[in-house]
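What follows is a single structure, written as structure tokens, with notes after it.
All of the numbers you see were taken from the coordinates with simple rules; none came from a lab. Here the structure is a predicted model, which is why all the values come from computation and not from measurement. All Cβ positions, glycine included, derive from the backbone under ideal geometry; neighbour counts span all protein chains shown.
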Amino acid sequence: MTLFNTITDLILKYRRITVVSVHLLLIVAANLLAFLLRFEGEVPSAYYHMIMTTLPVIIVVRLGIFYFFDLNSGLWRYVSIRDLIQIIKGIIVSSALIGLIIYLIPGLIPGLIPGPIPGLHSYPRSIPVLDGILLLMLMGGVRVATRLFREQSGFALSETKKKVFIYGAGDAGDLLLRDMLKNPKYTYQPVGFIDDDERKKGHKINSVPVIGTGKELTKLVDKYSPEEIVIAIPSATPAQIQNIMNECQKQNVALKTLPSLKDVIAGQVSVNQIRDISIEDLLFREPVRINHENIRDLVCGKRVLVTGAAGSIGSELCRQIMKQNPRNLILYDRSENGLFFLDRELGEKYSRDFFSVVIGDICDMNRLYLKFQKHKPQIVFHAAAYKHVPLMEDNLIESVKNNVLGTLNVMELSGQFGVETFVQISTDKAVNPTSIMGASKRIAEMAVRHINAVNKTKFIVVRFGNVLGSNGSVVPLFRDQIRKGGPVTITHPDMQRYFMTIPEAVQLVLQAASMGNGGEVFVLDMGEQIKIVDLARNMIALSGLVPDKDIKIIFTGLRPGEKLYEELFDTDEKILSTSHKKINMAISTTNGSDAKKFFNRLIELQVYALGGDKEGVLEKIKELIPAYNQTPAVSYQNGDYPEIVKPIGQGDLSDFSATM
């Protein structure tokens, strides 16, 4: 191995000289073989002088044309059809030029070729043809042999390679296989393709056979014992991935996948991009298509304020807004740590002349006023809010102060300072609310509708469900519980929620904001609700563990304010479509309370909240939202479910498994 590596290193160091030398030898060999074939192995002595005289001309012409066609620079271990086509071009052009020099030019220009060439007119006309064909075979053969040797020796040099199936015998699978084969340092050994197209069965791609379909996966795993299966179907649906994953779990085989379809189209498929299946793959929906021009028109060159900028939605809003070149972005939040990290992240990409970091509380009217006065925002995205249902049930005063009164502060100043557009980030928990958190967000929605009617500012609401991976949400909490060895806690086996990725939600928020004229409640299309217990089982399986065996799932009982499922539209709301298929509009079919009565009740709610009167706050919430009905906690009795535990004590965040 040491000698082999030394020789390889020398060849690579002087690769161009080596390639030209090999070409020289092949040109000579092809010409001599052509004469041997022409004369059936016995070349008459009369032709020796002719060969020695014409061979230098052939060498010079061939090497010159090969240089012109850049045949000296390619790496032979990566030889492709394109390389072979270039070789064919080079040989045809050089053969034509050689024919002109030998047969035509000497007759037109006597003495062009120095020295006597007896019988040049009798130079066999079959020789240039045989010479070209043989040279093509030799040059192509050497390259293909080099590639085969590199690939086969790569397998032979390592006995620790992982045997893998490639699921998908299409373009992506072919690209992945080529990358696996061309580098002996990779630790993958493809033993077969699996493809659901029965017609491909029995065929080979680069000598690797298509051994069966997904229906035969169990049998194939038993037969070949792969360590991993790589899904090379970038457009695979969540249902397809789920089915493959279920089979892999039965056989205890790891499952990997490739990057997105756009990366495959760009030709960027490689072994280095193989990754674990993520929970997002199983919840994947059709990619969001947005009108970037509308969003650019909304924020480009504008002064934009984002409250709750350090949160999951707020920080992603800041990232996407900065891409649209705002005049100034004001990051407003009371979380010092969160703003510190966001400031550092944005500071690495953008000049700090274009964004400002402000630590402040939306409940502090004086602080807000000074910052509105200083920065004079034109667009406001209000993402600051308390969101954890169980915590807010036990801290209803703070929930109302932050989610209602704080929102009113930002809205009031937006109108006072002539903000063009105010966007309230809302939640599906505001629909038919059963929790303090949901009720507070519903009141904020109502305030937006009423204040829009008496203000030049366009006040807009964007409502959506849970986002994957947000701070304190179900996915990171499950992940932490799995890392600790379990158990994974779920409040109820029938609990289900809508889910959307953070970037997707923010893209649609920006799109909705660009569409609003004021007073609208835009509702994002969240797809189908996902059962939390299914989410938990998938996350456990994706960690390489077996649900209910390696990691237990236990049900703790519904907590106050929790629903089994969420809704995106209230019973008194009419659903209207918009120009964007992922964004709908909720239109209230009832008149509701008039603005004066609504704001009088808000003032009374503010008095009770600031005075710490819980009973008074609850009374005013029920006046503002007659349909509001708190959901009591539901404790399970022994025997209801396989695993029963008492709800973990108040304030213990480890039990916040399915709230947001």
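Could you tell me whether the stretch 308-360 comes out rounded, prolate or oblate from its Cα gyration tensor? Rule is a ≥ b ≥ c as square roots of the eigenvalues, rounded for a/c under 1.5, then prolate if a/b exceeds b/c, otherwise oblate.
prolate
So for Ile587, Ile91, fewest C-beta neighbours within 10 Å to most, what's the order? All intermediate terms of the calculation are to be shown ahead of the outcome.
Working: Ile587 14, Ile91 25.
In order of increasing Cβ crowding within 10 Å: Ile587, Ile91.
If you average 1/r over all unlike Cα pairs in the stretch 21-66 and invert the result, what Kirkwood radius do you get in angstrom? Display every interim value, and only then the final one.
On the way: mean 1/r = 0.0899 Å⁻¹.
11.1 Å is the Kirkwood radius here.
Based only on other Cβ atoms within 10 Å, what is the fewest-to-most ordering of Met52, Met437, Met411?
Going from sparsest to densest Cβ surroundings: Met52, Met411, Met437.
Please order Ile313, Ile436, Ile530, Ile51 by the number of other Cβ within 10 Å, starting at the fewest. If you can, show how the numbers build up before the last one.
Working: Ile313 25, Ile436 28, Ile530 22, Ile51 17.
Fewest-to-most Cβ neighbours within 10 Å comes out as Ile51, Ile530, Ile313, Ile436.
Find the Rg to Rh ratio for the stretch 446-574, where Rh is the Kirkwood radius over alpha-carbon pairs and Rg uses the same atoms.
Values: Rg = 18.4 Å, Rh = 16.9 Å.
Ratio value, two decimals: 1.09.
With only alpha-carbon atoms counted, please give the Rg and Dmax of the stretch 211-255, in Å.
My reading of the Cα-based Rg and Dmax gives 10.1, 28 Å.
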